[in-house]
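Written out below as structure tokens is the structure these notes cover.
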């Protein structure tokens, strides 16, 4: 990367010396104008139509709720318009908002990385494309709204755009890359800080946030934990280098998380497991800033499935370094085994959403997360049985899950495929699908509700009316052109109120409140 930058610097200086500044500026300008004209030409070849989609955030990083990123993509002539109206209103006291410039920058990467990778890099590739948002929305927040965790909305906005664009690309007669299901979009990694074993005060994060599983394409499986969605030619840093300077170890790293999949005719690329434990400091801690622990942050494409949900797991009351020294066979190398088998006697095993605030960790306690999988492409019943068995052999999926999802029949010992039984099982599942189906008129009566359910903290539009934005409950909303403050209460206050109500119902508080 440094060499590439130095070469660019060299070429610019050579051009300035030989041809002067006017030639350099005009060449750069002409390049941008040519790219802009080419983008308009390519857009004009797309079919005139509208695609609607949405992505759900499942937390504000403080509490769980459903936050809608609404997207309507319309193409007419050589105009392409992203309409994000109806997305959730900005949060007044939560940092997951983004300014619209951040959203536009990420949408540009949809085209430069996944649609037209042959174009020269630059903002000209996005210049002809229009973006519409509500004022004071989570994707176009005011300058007064906090946005230190804007990646949550930038990345889910990116995925909404990628999901919609893929449907246009599928219908386009000339393609410059393959139709691509959404890539995983969350920065699943550990942020760390404190006083190191060398007495230095440090703070940074593990480079695993760049190991996002790629979405499947029209004719092949997605790449495993390859690169960030915004830089498909980037790489993942080496955690081993960090471990010389910081007082914790990644006890498990770069091991694909079994069954953390996004199935389809072509499955998404897998994410990998990260298990960390502090070793040589009493002033050290971790935090995570991700969504997707309860509701997937993706959508699959053309029948493919989204990824699963990826919670944070903790094991407290254990010193894993003592275990490794004295009883190494007890240590397991997967979240699945540790959380299900519970090999450490007397320890506590818990799961949480991925918005963990900074938490001081004791020596040997385990913090465990997984990178996510990219979305699947196509009907999973059309997946090649040999591909399913290959995934079993590579440890990406367990035999029981493979058989249940893909309806592939095989010998559990040899993994030899029974082709006839597989065809029969898949035919039976297709008939079962038909039996579960209901006429559209009947389905829509059950599916359509006039407002969000009372028990659900929901933010954004509901149904076709993008002008009415809900703010946490069915009786709290505002009109899109009349923004209001959208405050969230402290989660501890909410929990205390819930517990006091339960105590009051039991008569346990008596006169204490007075």
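Rule-based calculations on the coordinates, nothing more; no lab input. If you're wondering where the values come from, they're calculated on a predicted model, not measured in any experiment. Heads up, the Cβs are rebuilt from the backbone with ideal geometry, glycines too, and the neighbour counts pull from every protein chain shown.
Each part reduced to its alpha carbon centroid, segment 132-161 and segment 172-221 end up 20 Å apart. Among 502, 52, the ranking by other beta carbons within 10 Å of each residue's beta carbon, starting with the fewest, stands as 502, 52. Per-residue extension of 0.36 nm, minus the Cα-Cα distance of residue 15 and residue 441, leaves a gain of 146.6 nm for this segment.
For segment 27-99, just say rounded, prolate or oblate: build the C-alpha gyration tensor, square-root its eigenvalues into a ≥ b ≥ c, call rounded for a/c under 1.5, and beyond that prolate if a/b exceeds b/c, oblate if not.
On the way: a/c = 4.18, a/b = 1.91, b/c = 2.18.
Oblate shape, in that a/c is at least 1.5 and b/c is the bigger or equal ratio.
By the helix-only formula, in which each DSSP H run with n ≥ 4 contributes -39500 (n - 2.57) and the sum is divided by residues, the chain has a 222 nm mean residue ellipticity of -9000 deg cm²/dmol. Using 0.36 nm per residue and subtracting the Cα-Cα separation, the extra length available between residue 468 and residue 50 on full extension is 148.4 nm.
Would you mind ranking 354, 233, 49 by Cβ crowding within 10 Å, fewest neighbours first?
233, 49, 354
Note on residue 243 and residue 4: with the Förster distance fixed at 25 Å, the Cβ-Cβ geometry gives a FRET efficiency of about 0.30. Rounded, prolate or oblate: which one fits segment 361-455, using the alpha carbon gyration tensor with axes a ≥ b ≥ c (rounded when a/c is under 1.5, else prolate when a/b beats b/c, else oblate)? Judged from the Cα gyration tensor, segment 361-455 comes out oblate (a/c at least 1.5, b/c at or above a/b).
Across the chain, the mean sequence separation of Cα contacts (distance under 8 Å, 6 or more residues apart), normalised by length, yields a relative contact order of 15 percent. Here the alpha carbons of segment 1-131 define both size measures, Rg and Dmax, at 19.4, 60 Å. Computed over all pairs of different Cα atoms, the Kirkwood value for the hydrodynamic radius of segment 230-405 is 17.6 Å.
By how many nm would the segment from residue 508 to residue 420 lengthen if fully extended, with 0.36 nm per residue of separation less the alpha-carbon distance? Mind showing how you got there, number by number?
Values: separation 88, 0.36 × 88 = 31.68 nm, distance 6.49 nm.
So the extension gain works out to 25.2 nm.
When the label point is put 7 Å from the Cα of residue 321 along its Cα-to-beta-carbon vector, which residues of segment 243-287 have a backbone N closer than 16 Å? Answer for segment 243-287: 243-252, 276-286. The equivalent ellipsoid of the chain has semi-axes of 37, 31, 30 Å, largest first, where each one is the square root of 5 times an eigenvalue of the Cα gyration tensor.
With neighbour counts taken as other beta-carbon atoms within 10 Å, the residues 478, 455 rank, fewest first, as 455, 478. Label separation (residue 451 vs residue 358): 4.1 nm, computed from points 7 Å beyond Cα along the C-beta direction. Over 13 Å, how big is the tail of the calculated P(r) for segment 458-505, in percent of all Cα pairs? Here the long-distance tail beyond 13 Å is 64 percent of all Cα pairs in segment 458-505. Between segment 251-311 and segment 472-514, the C-alpha centres lie 32 angstrom from each other.
Here the simple spin-label model places points 7 Å from the Cα toward Cβ, and for residue 495 and residue 76 these points are separated by 5.1 nm.
Shape summary of segment 250-340, radius of gyration then Dmax from alpha carbon positions: 16.1, 51 Å.
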